[in-house]
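To keep things clear, I will list the structure first and then write my remarks on it.
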Amino acid sequence: MKILVIGGGGREHAICVALSKDESVTALHCAPGNPGIAQVAELHPVDALDPAAVAALAVALGADLVVVGPEAPLVAGVADAVRAAGIACFGPSKAAAELEGSKAFSKDVMAAAGVPTAESFVCTTVAEAEHALDAFGPTYVVKDDALAAGKGVVVTDDREAALEHVRECVSRPGGGRVVIEAFLDGPEVSLFAITDGTTVLPLQPAQDFKRIGDGDSGPNTGGMGAYSPLDWAPAGLVAEVMERVLQPTVDELRRRGTPFAGLLYAGLALTSRGTRVVEFNARFGDPETQVVLPLLKTPLAEVLLRAATGSLADQPPLSWYDGAAVTIVLASEGYPAKSHSGDVIRGVRAAEMLSAPTGGSVTVYQAGTGTNAEDQLVTAGGRVLAVTGYSRDLARARKLAYAGVSEIAFDGAQHRTDIAAAALAGDMRAASESA
């Protein structure tokens, strides 16, 4: 099977690594990729947001399957163009990807499907938003309706800070919208599901950490770390989410004539009033992919192809490796407000040489990386690396991940020191709604 992966971040690196280990994959390509992905796939300098260019590349390569990683190409219609060229594509259509592209659309789908989520108002003016904020009171939750790379949400007790985010969103050229929501308490869970538009196949849950600082402090980011599995999660959580969230959403989108075929990501809050959907994404999450896929024993390529070709009902149950995975994101100086590029990265190979006497390994997934004139690995974005430790239990996996982090250095590097700490301490009371 010849596969083309679209994207160039840590998520796509993890997808490519998983596919490279699949014996059914005879050729693996990625566009545009990054230096880490180049170790397992052939790279192509194609604009991932250009549907025609992506489709043309897939045709030229004779690809059997295209896997679209990030949300922006999906919302741009890349999957539609690939399918129109007669090639199977793992990723929803432009219309179905609005589930992530517009939070207002997502709320409408959830309402029609009876999916439990936070009460909300969709606002197009500051005055409307002021009324909505006052209706809910603090803690205020303000979400940009459009894509914002995981950084379009403000959760704050400061009403003026909430209004400032409103102003930024609604003042966008051509007009913008915000969704004002009731605050959801309780820890958050990420659950991925692969679907062909009818059958839904859940993966193993994970938890990610959105805010930049320890203790969930500071502004939101695209994600600063994750771990899986969640031994503390309620028994039957996956079955409940399948029944009340994932299957009804897929059924509703199919009923509307916009079937969702790809990866449906449910961001969930386990609140005092039950499980609620925080948001939907239309693709693998980042950095949760970097802990979920390393634990998947079932070869990935055939599962994705079945989803892309409407035959997921024939897929045998997924199997998983025992053990746990923890990933720590190393971000560049100034992130998330800005990012610094061109700083030389040292120690990646040393980190990946680490292992534990009782078994375990470290994988460094590259995200915002590039090379300089001397062919040195350098920073080239906000989130630079995702250092993932795998071992037989969460404590050992976490220890390996942080040992890997300690081997790596670049100017201005920053990371959280508390990823998975609460889970090990048995304290899951925190984790505010911040997706």
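The values are calculated or read from the model by the stated rules, or taken from the named source; none is laboratory data. In this text the structure is predicted, and so the values were computed from the model without any measurement. Backbone-built Cβ (ideal geometry, glycine too); neighbour counts: all protein chains shown. Remember, those area values only see protein heavy atoms, side chains included, never the ligands or the DNA or RNA. Shrake-Rupley method; radii C 1.70, N 1.55, O 1.52, S 1.80 Å.
Yes/no per residue for (1) assigned to a helix (DSSP H, G or I); (2) within 30 Å of Arg306 (Cβ to Cβ); (3) open to solvent by less than 50 Å² (accessible area, probe 1.4 Å):
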site: Leu318; (1), (2), (3): no, yes, yes
site: Val329; (1), (2), (3): no, no, yes
site: Lys338; (1), (2), (3): no, no, no
site: Asp343; (1), (2), (3): no, no, yes
site: Tyr365; (1), (2), (3): no, yes, yes
site: Val378; (1), (2), (3): no, no, yes
site: Val384; (1), (2), (3): no, no, yes
site: Ala401; (1), (2), (3): yes, no, yes
Of the listed residues (Leu49, Leu61, Leu43), the one being closer than 23 Å to Val387 by Cβ and open to solvent by 30 Å² or more (accessible area, probe 1.4 Å) is Leu43
Counting only residues in the range 168-216 that are in a helix (DSSP H, G or I) and not aliphatic (A, V, I, L, M), the one farthest from Ser272 (Cα to Cα) is identified as Glu168
Per the filter on the range 267-288, residues assigned to a strand (DSSP E or B), closer than 14 Å to Phe192 by Cα and open to solvent by 20 Å² or more (accessible area, probe 1.4 Å) are Glu279
Per the filter on the range 111-129, residues out of contact with any helix residue (DSSP H, G or I) (no Cβ under 7 Å at 6 or more places or on another chain) and among the aliphatic types (A, V, I, L, M) are Ala111, Ala118, Ala127
Only one of Ala95, Ala79 is small (Gly, Ala, Ser), open to solvent by less than 30 Å² (accessible area, probe 1.4 Å) and touching a residue at least 12 places away in the same chain (Cβ under 8 Å), namely Ala79
Thr117 passes all but one of the listed conditions (1) open to solvent by 60 Å² or more (accessible area, probe 1.4 Å); (2) of a type in the set (Val, Ile, Thr); (3) within 21 Å of the chain's Cα centre (by Cα); the exception is number (1)
- Task: Inspect the range 412-435 for any residue being over 26 Å from Gly7 (Cβ atoms), open to solvent by 30 Å² or more (accessible area, probe 1.4 Å), in contact with a Pro (Cβ under 6 Å, 6 or more places away or on another chain) and modelled with pLDDT under 95 and give the result as yes or no.
- Result: yes
Ala132: passes all of (1) without any contact (Cβ under 8 Å) to a residue 60 or more places away in the chain; (2) out of contact with any Leu (no Cβ under 9 Å at 6 or more places or on another chain); (3) outside any loop (DSSP other than H, G, I, E, B); (4) surrounded by fewer than 19 Cβ atoms within 10 Å (Cβ to Cβ) but (4)
The correct count of residues that are open to solvent by less than 10 Å² (accessible area, probe 1.4 Å) and either out of contact with any strand residue (DSSP E or B) (no Cβ under 9 Å at 6 or more places or on another chain) or assigned to a strand (DSSP E or B) (or both) in the range 217-238 is 4
Any chance the range 222-238 includes a residue that's over 22 Å from Thr363 (Cβ atoms) and within 17 Å of the chain's Cα centre (by Cα)?
no
Listed by first then second residue, the pairs whose first member lies in the range 3-32 and is within 13 Å of Val68 (Cα to Cα) and open to solvent by 30 Å² or more (accessible area, probe 1.4 Å), whose partner is modelled with pLDDT of 95 or more and outside any strand (DSSP E or B), with beta carbons under 9 Å and at least 6 positions apart or on separate chains, are Pro32/Gly8; Pro32/His44; Pro32/Pro45; Pro32/Val46; Pro32/Asp47; Pro32/Ala48
Residue pairs qualifying under the 8 Å Cβ cut-off, at least six apart or on distinct chains, with the first in the range 195-216 being over 12 Å from Gly285 (Cα atoms) and the second being modelled with pLDDT under 95 and assigned to a strand (DSSP E or B), are Arg211/Ser217; Arg211/Gly218; Arg211/Pro219; Arg211/Asn220; Ile212/Gly218; Ile212/Pro219; Ile212/Asn220
Exercise. Determine, yes or no, whether Ser361 is of a type in the set (S, T, N, Q), open to solvent by 10 Å² or more (accessible area, probe 1.4 Å) and assigned to a loop (DSSP other than H, G, I, E, B).
Key: no
Checked pairs for the range 383-397, first without any contact (Cβ under 8 Å) to a residue 12 or more places away in the chain, second assigned to a helix (DSSP H, G or I) and not small (Gly, Ala, Ser), C-beta under 7 Å and 6 or more apart or across chains, list as none
Counting only residues in the range 169-202 that are open to solvent by 10 Å² or more (accessible area, probe 1.4 Å), modelled with pLDDT of 95 or more and hydrophobic (A, V, I, L, M, F, W, C), the one farthest from Ala235 (Cα to Cα) is identified as Val200
When Arg159 is run through (1) open to solvent by less than 70 Å² (accessible area, probe 1.4 Å); (2) touching a Leu at 6+ places or on another chain (Cβ under 9 Å); (3) farther than 30 Å from Ala307 by Cβ, the failure sits at (1)
Counting only residues in the range 303-312 that are assigned to a helix (DSSP H, G or I) and either over 15 Å from Leu203 (Cα atoms) or basic (Lys, Arg) (or both), the one least open to solvent (accessible area, probe 1.4 Å) is identified as Ala308
